[in-house]
């Protein structure tokens, strides 16, 4: 009930702010400052009632079942932070927490499960955090797009083939898989890229930083082959070797071996 009230206050504040802007543009006798002040006060009540700035309904749990050996997780998020981890419950392909309008949408094509989470309708704010727990006995491709939210993906317990994560203004934090030869591509515009490579995993890392970006790799674990390419000392002997490409225009690229 408190969250519902907080949502009502949020949309009331939005309407007051829009009314204030229109009043100023049209030149009506109502002082726009009064409406804008009321909008700020209503936002303050939103925070007071909800304990935080509440702009979306609470994420709801979903359970996804499918008998497959390969799957694709495709996430299109605008505002919410997204967290992906392993799920050891083999009876389920995945368990998910997302907005009711945001999924999950499951389609099986030629034995491959395509699991999609997307903000729907796209114009509704969705700042409630999303979560996905993926079955560890399935080979996954993981794709995620975000505008402002942070993407935190722990693949250490997941069989992953291709991983493609992009956030315009949010950060991306990834722990590499411990099995296979995964290909990992991460990209942000302003957010930081943080990659954790387990000690028993080899890695070949290509960095493509913008002029305002900063690169920080674990010098004790990596050899530099050229200006943009780094490899771990065990890249020739490790059973699992991750091929990683990192791009950011103005954030920090940080790679650690733990």
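Only the coordinates and a few stated rules stand behind these numbers; no lab work does. Owing to the predicted nature of the structure, the values given are computational and were not obtained by experimental measurement. Cβ coordinates were reconstructed from backbone atoms using ideal geometry, including for glycine residues, and neighbour counts include every protein chain displayed.
A few remarks follow.
- Linear extension gain, residue 229 paired with residue 258, 0.36 nm per residue minus alpha-carbon span: 8.5 nm
- A convex hull fitted to the Cα coordinates of the range 60-257 yields 104 cubic angstrom per residue.
- Rough spin-label spacing in nm, given labels placed 7 Å along Cα→Cβ, for residue 239 and residue 60: 4.3 nm
- Each of the peptides 139-146, 64-71 was scored by the mean count of other Cβ atoms within 10 Å over its residues; in descending order, highest first, they stand as 139-146, 64-71.
- Between the range 217-258 and the range 152-167, the alpha-carbon center distance in angstrom: 16 Å
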